[in-house]
Amino acid sequence: METVLLCIVAVAILIVLFTKLYFMHLGVENVIAKKDSRSAFVVDEQTEDSLTFSTNVEFVNEGKQCTVMMDCFVRPQLPYEQYDGVETRGHAELLSAPREDDYFEAYIIQRKGYGKDLDRATIKAQIKLIARHGMTIKEAISKMPDFNFLIIWTEAGRMEAHYRQVRIEVPAAEIAKLVGTELVEA
């Protein structure tokens, strides 16, 4: 009886082991944000009290399986405790399918080597700065510190859905240059 039970356990372990090895061979998805080759920040819109700027970041699936990129959003990291001269808002959209409703449409990124343009997606990450305390946007930016923003997305494929993120640095001097002002010592 014990021999039969041991054989059943051994067969079960072998099935699990072979299944895991099979899935390891098939591989999983692996979306990489190419943040080092992102585009320069550009002004999308500027008013007396606000600035909207953006950068394009390419995302490449380096994995062996296709993936669905969904629920992508931009989260600026400039809390009022750090600097309360601007309010920040973020927006993410596929460069190939712009939207105005702040909804990110799911996008399939094929596995590496599937097709030149099918294994990548370009995301436009947009940041809106709104001046506070009666300042103009140029005044507010002239006192602003460097900050970061996150691009956060849900990735699903062979692995269950999970969040991933990448951090992009925003040098205050670069933004000041975009709007034609200089940084001042605080």
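Cβ-Cβ distances below 7 Å connect the following pairs, each with a first residue in region 74-87 that is farther than 17 Å from residue 33 by Cβ, a second residue that is surrounded by fewer than 20 Cβ atoms within 10 Å (Cβ to Cβ) and charged (D, E, K, R), and a separation of six or more residues or different chains: 84/132; 85/132; 85/143; 86/132; 87/132.
Any chance region 35-47 includes a residue that's under 15 Å from residue 120 (Cα atoms) and surrounded by 10 or more Cβ atoms within 10 Å (Cβ to Cβ)? Yes; the residues of region 35-47 include at least one that is under 15 Å from residue 120 (Cα atoms) and surrounded by 10 or more Cβ atoms within 10 Å (Cβ to Cβ). Going by the conditions given, is residue 18 touching a residue at least 40 places away in the same chain (Cβ under 8 Å) and aromatic (Phe, Trp, Tyr)? Here the answer is no, as residue 18 does not meet what is asked.
If you take the residues in region 58-80 that are of a type in the set (A, V, I, L, M) and in contact with a Ser or Thr (Cβ under 7 Å, 6 or more places away or on another chain), which one is farthest from residue 124 (Cα to Cα)? Working first, answer last.
Step one: of region 58-80, the residues of a type in the set (A, V, I, L, M) are 60, 68-70, 74, 78.
From what is left, the residues that are in contact with a Ser or Thr (Cβ under 7 Å, 6 or more places away or on another chain) are 70, 78.
Numbers: 70: 14, 78: 19 Å.
The selected residue is 78.
Scanning region 157-177 for residues that are surrounded by fewer than 16 Cβ atoms within 10 Å (Cβ to Cβ) and either over 22 Å from the mean Cα position of the chain (by Cα) or over 17 Å from residue 82 (Cβ atoms) (or both) yields 158, 159, 160, 161, 162, 163, 165, 173, 174, 177.
Looking only at residues of region 122-141 that are small (Gly, Ala, Ser) and not in a strand (DSSP E or B), we find that the one that is nearest to residue 91 (Cα to Cα) is 140. In region 76-104, which residue that is surrounded by 12 or more Cβ atoms within 10 Å (Cβ to Cβ) and under 20 Å from residue 161 (Cα atoms) is nearest to the chain's Cα centre (by Cα)? Filtering first and then ranking leaves 92.
Only the coordinates and a few stated rules stand behind these numbers; no lab work does. None of the values given here were measured: they were computed from a predicted structure. Cβ coordinates were reconstructed from backbone atoms using ideal geometry, including for glycine residues, and neighbour counts include every protein chain displayed.
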